[in-house]
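Notes to accompany the following structure.
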Amino acid sequence: MGKDNQENVCFNNLLSNKGGKYVRNKLKFLKNVESVSSWSESPDFLVVDNGKAIGFEHFLFDQTYIGERAGSRVKDEETWKMYEKYHKALIEGTYNSDEAAAALEKVIQRAFDISQLFDYETCMEQFERVFDKHVKKIPDYINNLHAYKEKDLFFLVEVSSLFMSNHTKIIRCVARREDDAVVFLGGNHIVLTERIIRKIESQIGILKGVILQNYSFFDLEKHIEDMVYLDTTSLEALHESIKSQKIQIYKEYFVYAPKIRTKVNLVK
């Protein structure tokens, strides 16, 4: 699944049932808006509500990075490339099952190798880098909406998580709370830290809101697992959105991904 396709998945999921009543109420205006399908500038998506322009800028926040590339994107590209190669071979009658099985094992191994790249400091630094990169473009986004007198801007953040409980049982996550207690994190909820919240607070009164959607690193079909809405119209509104959704803000968190070796990697 390419980057543009995943952007569309995230936008379409804004009206999913994930996130609960608070999120649905905040986004219910989308049921009556006009989507501008001919829009080709930034922000990524534009809808119009009674003459008001509402823009959504999408970006990815991953838990693993290879340089500045999101680990989940690298994993997805390599997996779909393998699929396309052997799907084509199957159609052309040149398919070799042993070769395909070996290629699949390599892709699985690569996914687990990437999962071991998690490092909390790197993860937070990359979130701040990507967030700031889009913040710098906000004047351009607003300028591109110059034809509309009223305009709102949202950040739509795709979160790629390693430890989604319904996709893997072997990667574990623990977090440190504000009271310094260390707790095990399960389920499919988005994990927010003090550093993430501080960065979002920097755009109070500039962005209308920040929407975060959780997807599993290991799910090629990209089913949405959770959605959070952070109201950035004021500091009070942000705190209320955190309280209303019963969101826990952690000091930090750690992911433990065990070393996995498939048969293709065993030394003979």
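Every read-out reported here was derived from the displayed coordinates using simple, explicitly stated rules and does not represent laboratory data. No experiment lies behind these values; they were computed from the predicted model shown. Here the Cβ positions follow ideal geometry from the backbone for every residue, glycine too, while neighbour counts run over all protein chains shown.
Below is a table of values for the structure above.
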item	result
Cα-derived Rg over Rh, computed across the range 1-58 with Rh taken as Kirkwood radius	0.97
Alpha carbon centroid spacing (whole Å) that separates the range 170-245 from the range 41-93	21
Alpha-carbon Rg/Rh ratio, for the range 148-268, with Rh computed the Kirkwood way	1.08
Angle in degrees between helix 120-135 and the longest Cα principal axis of the chain, rounded to the nearest 10	50
Over 21 Å (Cα to Cα) - which of Lys149/Lys243; Lys133/Lys208; Lys26/Lys52; Lys199/Lys243; Lys137/Lys251; Lys222/Lys259 fall in this group	Lys149/Lys243; Lys137/Lys251; Lys222/Lys259
Cβ-based exposure ranking for Tyr229, Tyr95, in which fewest neighbours within 10 Å come first	Tyr95, Tyr229
Calculated diffusion of the range 200-267, Stokes-Einstein form, Kirkwood radius summed over Cα pairs, 10 °C and 1.306 mPa s, µm²/s	105
Choice from Glu34, Glu99, Glu236 showing the highest fluctuation, given a GNM over the chain with Cα pairs closer than 10 Å	Glu99
Sequence of Tyr250, Tyr83 once ranked by neighbouring C-beta atoms within 10 Å, starting from the fewest	Tyr83, Tyr250
Acute angle (nearest 10 degrees) that the helix 3-12 long axis makes with the longest principal axis of the chain, alpha-carbon atoms	50
Inverse of mean 1/r across different Cα pairs in the range 99-161, Kirkwood, Å	15.5
Check: the chain dipole with +1 on Lys, Arg Cβ and -1 on Asp, Glu Cβ, in debye	480
Protection proxy ranking of 122-131, 212-221 - average other beta-carbon atoms within 10 Å, highest first	212-221, 122-131
All-pairs Cα distance distribution in the chain, expressed in whole percent, bin size 5 Å	1, 5, 11, 15, 17, 16, 12, 9, 6, 4, 2, 1, 0, 0
For peptides 12-24, 42-54, sequence by mean Cβ density within 10 Å, most packed first	42-54, 12-24
Listed peptides 135-144, 58-67, 193-202 by packing density, highest first (mean Cβ within 10 Å)	58-67, 193-202, 135-144
Histogram of C-alpha separations across the range 1-139, 10 Å bin width, %	9, 27, 30, 22, 11, 1
DSSP-defined antiparallel bridges as percent of all bridges, the chain, nearest 5	55
